[in-house]
């Protein structure tokens with residue numbers, strides 16, 4: 001419900017403030033392909049970072065346990081819908097509305113950074129989680145700025161969330177989470 005509302009807020013802001021949304025930077029097929037590649041690559045990088053002793057794993061331990069419990073409480077259809085709504089809704093708001101509006105008023109680098117920090121703040125569970133979410137926002141914001149494809153970042157975000165939920169639910173021990 002929350003994820004759907006975020007998308008509605010983003011869409012209303014886009015319409016109300018006549019924010020130009022970039023959808024045609026590349027074909028939708030290419031956008032989907034690069035969104036899939038980006039999501040897998042991003043997840044791989046984050047997994048590598050969690051393998052470095054003391055860097056992320058220990059800092060994210062309690063958040064990963066919370067996310068594992070969350071993922072375990074819902075059926076796969078619900079998790080798939082949630083991932084899709086997060087990808088579409090959050091990207092409509094943060095990249096489409098916020099970054100799009102800021103890009104009209106400030107340099108692109110400032111717009112990407114500001115939208116990414118807001119994205120990180122909305123995902124704040126701890127300082128480390130904020131940093132990771134802000135980093136992901138920077139990657140998505142930069143991809144949007146470079147490709148002019150909101151579809152690409154929607155797919156990237158949604159598939160990334162789905163991969164993360166799947167791996168955390170199916171292989172919790174990889175994250176130091178005890179299941180059961």
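Listing for the model above:
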{"item": "Helices (runs of 4 or more DSSP H) enclosed by region 1-75 - at least 3 residues per element that are within 25 Å of residue 103 (Cα to Cα) and within 20 Å of the chain's Cα centre (by Cα)", "result": "2-16, 28-51"}
{"item": "So residue 102, is it in a helix (DSSP H, G or I), over 15 Å from the mean Cα position of the chain (by Cα), without any contact (Cβ under 8 Å) to a residue 24 or more places away in the chain and crowded, with 17+ Cβ neighbours inside 10 Å", "result": "yes"}
{"item": "Matching residues in region 131-174 - criterion: being closer than 15 Å to residue 66 by Cα, buried (at least 17 other Cβ atoms within 10 Å of the Cβ) and more than 12 Å from the chain's Cα centre (by Cα)", "result": "165, 168, 169, 172"}
{"item": "The one condition in (1) touching a residue at least 60 places away in the same chain (Cβ under 8 Å); (2) exposed (fewer than 14 other Cβ atoms within 10 Å of the Cβ) that residue 63 fails to fulfil", "result": "(2)"}
{"item": "Residue in region 114-125 that is modelled with pLDDT under 95, touching a helix residue (DSSP H, G or I) at 6+ places or on another chain (Cβ under 6 Å), over 19 Å from residue 5 (Cβ atoms) and surrounded by fewer than 17 Cβ atoms within 10 Å (Cβ to Cβ) present", "result": "yes"}
{"item": "Candidate set: region 5-20, residues that are touching a residue at least 12 places away in the same chain (Cβ under 8 Å) and surrounded by fewer than 17 Cβ atoms within 10 Å (Cβ to Cβ); chosen: the one nearest to residue 143 (Cα to Cα)", "result": "20"}
{"item": "Residues of region 21-46 satisfying the condition of being farther than 17 Å from residue 155 by Cβ and in contact (Cβ under 8 Å) with a residue 40 or more places away in the chain", "result": "46"}
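The values are calculated or read from the model by the stated rules, or taken from the named source; none is laboratory data. Everything numeric here is computed off the predicted structure, so don't read it as measured data. All Cβ positions, glycine included, derive from the backbone under ideal geometry; neighbour counts span all protein chains shown.
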